[in-house]
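Engineer: Just passing along the structure, written as structure tokens.
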Amino acid sequence: MAGLLQALVGASEKAGTIARLCRAEEPLFQLLVAEKSGTDKNRRFLQDFKTLADVLIQEVIKHDLGKEFPELQGHIHGEESNEFKNRQGDTVVVRVCDTPGDTAALLLSVLEPEREAAELLAAAVHRDVTLGDAELASVALSIPPQDLAIWIDPIANSAAPLDSTNEYIGGREDVAPIDGITPAGLCSALVLIGAYDRQTGCPVLGIINEPFYCRDPLTHRWQGRYHWGVAYGDTQLSSLSPPPPRPTPCVVLSRAEGGPVRAALGPLCGDRLCFAAGAGYKMLCVILGLADAYVLSEGSTFAWDACAPHAILRALGGGAVALAGALQARRVGDTGPPPELVYNRPAEGAVGAKRWANQGGLVAYVHPQHLEAVLAALATVPGL
């Protein structure tokens, strides 16, 4: 397990490097944008507004983890399709080849005639990552990789209009934080890798990588950082410490959240609600203690958004509950622990990505008293 933890962190660091490389030069970045379908669709790419960075990062993580841990092959899942259409209309399946030259040639078939861009990306894909993290190296755990499966969100996003992929594409770099929370911009674009138990669906290991954490004051280049957590059986370990609770909780929401939910939470928070883009980033705000809870009343997040941060929250003593299920339990007098999100059960009757939606919303928290206060407030909202 310790080897797997280090491998996941290493994969996230390689992913962060690729994300920064893809964002570094504007001409390169414009090539990597996959436009939405329609009459003005970019002739290079498929529909669904994604970036080659998303796909490449996802495939790199799948390749590197599957190569080191064959037991995980076929159990590493991501959000993105790895197919693009090139200028000739041919479908190109993006993958990691055996050599940098072969990977560059494959990427060139998408990026042609941008040979330098393809070669830069291929070099990053095949570059070894060295972690100089003594704390991480000292972690000793025992869990068979064959018991686990992985969810990847390569540039973490949600289904909301202001998701983190859009923040990555928009590239707003000068958004000032409010009480430590950046409401939008490049800093909210994350790489998420979460492992869950195949049988129970419970998240047991999570990595959050912030590729655009801060700029180097001398070089002005972006620098990243990562966080990890393990929650398995009686073991709870994390690179972070649990944040202290506030007497008056701060709740972070999406700007798309409805008025009734805002109105219900306002008195609890002293009318101090915070807003940010991206489900993964809002969960990170709770992990870091910048907020005490993240509330979403709609089923607009997915397994790949929540698995990694949920594992870290569990490592810190918190969790992520299914909001609709938790409120239903309260209303029938169930005093047991509210139902947590799980990651191995597709939604019945749903198709496509909606099979993995966190239906009925969620509440992410660290301190149980904040969860109870939030659920008590939301229990008064009709229709939830």
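Engineer: Please report the antiparallel percentage of the DSSP beta bridges confined to the chain, to the nearest 5.
Structural biologist: The antiparallel proportion sits near 85 percent.
Engineer: How long are the three semi-axes of the equivalent ellipsoid of region 340-384, in whole Å, if each is the root of 5 times an eigenvalue of the C-alpha gyration tensor, listed from largest down? Please report the intermediate quantities before stating the final value.
Structural biologist: Details: eigenvalues 132, 41, 8 Å².
So the three semi-axes of region 340-384 are 26, 14, 6 Å.
Engineer: Can you pull the semi-axes for region 283-326, root of five times each eigenvalue of the Cα gyration tensor, sorted largest first, whole Å? List each step's numbers first, then the result.
Structural biologist: Details: eigenvalues 55, 27, 22 Å².
They are 17, 12, 10 Å, listed from largest to smallest.
Engineer: Based on the Kirkwood radius over alpha-carbon pairs, what is the Stokes-Einstein translational diffusion coefficient of region 185-319 at 25 °C with 0.890 mPa s viscosity, in µm²/s?
Structural biologist: The calculation lands on 156 µm²/s.
Engineer: Structure shown: which of K14/K282; K14/K67; K14/K354; K67/K282 lie over 25 Å apart, alpha-carbon to alpha-carbon?
Structural biologist: K14/K354; K67/K282
Engineer: How much length would be gained if the chain were fully extended between D179 and N344, taking 0.36 nm per residue of separation minus their Cα-Cα distance, in nm to one decimal?
Structural biologist: Between D179 and N344, full extension yields an extra 55.8 nm.
Engineer: Right, next: Choose one of P145, A279, G259: the residue whose Cα lies farthest towards the positive end of the charge dipole of the chain (beta-carbon charges +1 Lys, Arg; -1 Asp, Glu; about the Cα centre).
Structural biologist: Comparing the listed Cα positions along the dipole, G259 ranks first.
Engineer: Label S81 and D216 with points 7 Å out from Cα along Cα→Cβ: what is the distance between them in nm?
Structural biologist: 3.9 nm
Engineer: Using Cα pairs under 8 angstrom and six or more residues apart, how large is the relative contact order of the chain, in percent?
Structural biologist: Averaging sequence separation for qualifying contacts and normalising by length gives 15 percent for the chain.
Engineer: Ignoring ligands, DNA and RNA, how do Y281, Y226 rank by accessible area with a 1.4 Å probe, largest first?
Structural biologist: On the way: Y281 15, Y226 50 Å².
Largest accessible area first, the list is Y226, Y281.
Engineer: How many percent of DSSP beta bridges within region 250-384 run antiparallel, rounded to 5?
Structural biologist: Details: 10 of 15 bridges.
The antiparallel proportion sits near 65 percent.
Engineer: Can you tell me the FRET efficiency between D271 and Q328 if r is taken as the Cβ-Cβ distance and R0 is 25 Å, rounded to the nearest 0.05?
Structural biologist: 0.35
Engineer: To the nearest 10 degrees, how steep is helix 115-126 against the longest Cα principal axis of the chain, on a 0 to 90 scale?
Structural biologist: Tilt of helix 115-126: around 60 degrees.
Engineer: How far apart, in nanometres, would the label points at T200 and T91 be if each is projected 7 angstrom from Cα along the Cα-to-Cβ direction?
Structural biologist: 3.9 nm
Engineer: What Rg and what Dmax come out for region 228-381 when only alpha-carbon atoms are used, in angstroms?
Structural biologist: Using the Cα atoms of region 228-381, the pair Rg, Dmax is 14.6, 43 Å.
Engineer: Where does the chain land at 222 nm, in deg cm²/dmol rounded to the nearest 500, when only DSSP H runs of n ≥ 4 count, each adding -39500 (n - 2.57), divided by all residues?
Structural biologist: -10000 deg cm²/dmol
The values are calculated or read from the model by the stated rules, or taken from the named source; none is laboratory data. Small disclaimer: the values here were computed from a predicted structure and weren't measured. Ideal geometry is used to build each Cβ from the backbone, glycine not excepted, and the neighbour counts take in all protein chains shown. Calculation scope for accessible area: heavy atoms of the full protein, side chains included, ligands and nucleic acids excluded. Shrake-Rupley method; radii C 1.70, N 1.55, O 1.52, S 1.80 Å.
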